[in-house]
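*Asks:* I have a structure here, written as structure tokens, and I will follow up with some questions on it.
The values are calculated or read from the model by the stated rules, or taken from the named source; none is laboratory data. Only a predicted model underlies this, so the values are computations on that prediction, with no experimental measurement involved. With ideal geometry, Cβ positions are generated from the backbone for all residues, glycine too; neighbour counts draw on all protein chains shown. Only protein heavy atoms, including side chains, enter the accessible area calculation; ligands, DNA and RNA are left aside. Shrake-Rupley method; radii C 1.70, N 1.55, O 1.52, S 1.80 Å.
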Amino acid sequence: MLPFGRQEFLEVFGRYNIAVWPAQLLLYAVALVIVALILRRERRSVVVALLATLWLWTGVVYHLLFFSEINPAARYFGIAFIAQAVLLLATDRRQTASGEWGTPIARSTGKVLIAYALVGYPLIGSLAGQTYPTVVTLGLPCPTTIFTIGVLLIALRQPSVWLLAIPILWAIIGTFAAIALSIPQDYGLTVAGLGAAVRLLTRQSQDKAGWIETSQANV
């Protein structure tokens, strides 16, 4: 059972959107810069750093300042989102400075998730009858998580478990909340979480195969 109802939940978004306006435009601008860099396949270190700013914003501004008003667990969520920002900033430079981008399948999945987070997500919310100011915008947890997973699948060929652990965990939490509160656009978290989990599993299989090949070569 959640400690709040659907109306209370939407009212938090309303207070947030009114209080931070026009910061939402800046957050979408950050996302568009990330998309532009991805399309040009350059400056992955900047891409990851910009993702970190989105997670830091969500952790501090939304979770700690607004969501904590109706949910005591928001303090822990805020800490987790801030930790994700730190993990992104601490990403191994070898992953962002050189090397290949994500696999073809990962890139295709990532593009779908990014498009959903920026276009499909608000569209479904609008079709579900959600109107400003009680709408979910980028910079809030769920669209930010979907967007982040999409970006990481494209930008990093071998994203680490640590880098995807918190987004996957939030995808699980957000999916349950979406069902309980009837927030249909958040169902996209399920697809994003599954995409990230599959990528980690395939990476582990590749790492294991590589280790076996190396061992056999040494013998």
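*Asks:* Answer rounded, prolate or oblate for the stretch 5-66, using the Cα gyration tensor with square roots of eigenvalues a ≥ b ≥ c: rounded when a/c is under 1.5, else prolate when a/b is larger than b/c, else oblate. Mind showing how you got there, number by number?
*Replies:* Details: a/c = 2.94, a/b = 2.41, b/c = 1.22.
Prolate is the answer for the stretch 5-66, as a/c is 1.5 or above and a/b outweighs b/c.
*Asks:* In Å², and per residue, what accessible area does the chain have when probed at 1.4 Å with the other protein chains present? Kindly include the intermediate steps, with their values, before the conclusion.
*Replies:* Working: 10980 Å² over 219 residues.
On a per-residue basis, 50 Å².
*Asks:* Using the alpha-carbon atoms, what tilt in degrees (0 to 90, nearest 10) does helix 104-115 show relative to the longest principal axis of the chain?
*Replies:* Value to nearest ten degrees: 10.
*Asks:* Using DSSP to call loops (not H, G, I, E or B), can you name the GluC sites (Glu not before Pro) in the stretch 1-98 whose Cβ has at most 16 other Cβ atoms within 10 angstrom? Could you put the intermediate results ahead of the total?
*Replies:* Numbers: sites: 8, 11, 42, 69; in loops: 42.
Answer by residue number: 42.
*Asks:* Here is a further query. Kindly rank 23-36, 43-56 from highest to lowest mean number of other beta carbons found within 10 Å of each residue. Each step should come with its number before you reach the end.
*Replies:* Details: 23-36: 15.7, 43-56: 20.0.
The packing order, highest mean first, is 43-56, 23-36.
*Asks:* Now for a separate question. In degrees between 0 and 90, to the nearest 10, how far off the longest principal axis of the chain does helix 141-155 point, with axes built from Cα atoms?
*Replies:* Taking the Cα atoms of the chain, the angle to 141-155 is about 20 degrees.
*Asks:* List the equivalent ellipsoid semi-axes of the stretch 13-106 in whole Å, largest first, each obtained as the square root of 5λ for an eigenvalue λ of the Cα gyration tensor. Can you show the working numbers first?
*Replies:* Details: eigenvalues 166, 54, 19 Å².
After scaling each eigenvalue by five and taking roots: 29, 16, 10 Å.
*Asks:* Here is a follow-up. Taking the Cα centre of each part, how many Å lie between the stretch 136-186 and the stretch 1-72?
*Replies:* Centre-to-centre distance over Cα atoms comes out at 12 Å.
*Asks:* How high is the relative contact order of the stretch 6-164, in percent, counting Cα pairs under 8 Å that sit 6 or more residues apart?
*Replies:* Once divided by the residue count of the stretch 6-164, the mean separation gives 32 percent.
*Asks:* Compute the long axis of helix 23-40 from its Cα atoms, compare it with the longest principal axis of the Cα atoms of the chain, and write down the angle in degrees, 0 to 90, nearest 10.
*Replies:* On a 0 to 90 degree scale, this one is about 20.
*Asks:* With a 1.4 Å probe and all protein chains left in place, how much of the accessible area of the chain comes from carbon and sulfur atoms, in whole percent?
*Replies:* Details: 7490 of 10980 Å².
Heavy-atom surface of the chain belonging to carbon and sulfur, 1.4 Å probe: 68 percent.
*Asks:* Computed over the Cα atoms of the chain, what is the ratio Rg over Rh, Rh following Kirkwood? Please report the intermediate quantities before stating the final value.
*Replies:* Details: Rg = 17.9 Å, Rh = 17.8 Å.
Over the Cα atoms of the chain, Rg/Rh equals 1.00.
*Asks:* How do the peptides 76-84, 14-22 rank, highest first, by the average count of neighbouring beta carbon atoms within 10 Å per residue?
*Replies:* Values: 76-84: 19.2, 14-22: 14.7.
In descending order of packing, they fall as 76-84, 14-22.
*Asks:* In percent, how large is the relative contact order of the stretch 81-179, given Cα pairs closer than 8 Å and 6 or more residues apart?
*Replies:* Working: 81 pairs, mean separation 39.7, N = 99.
After rounding, I find 40 percent.
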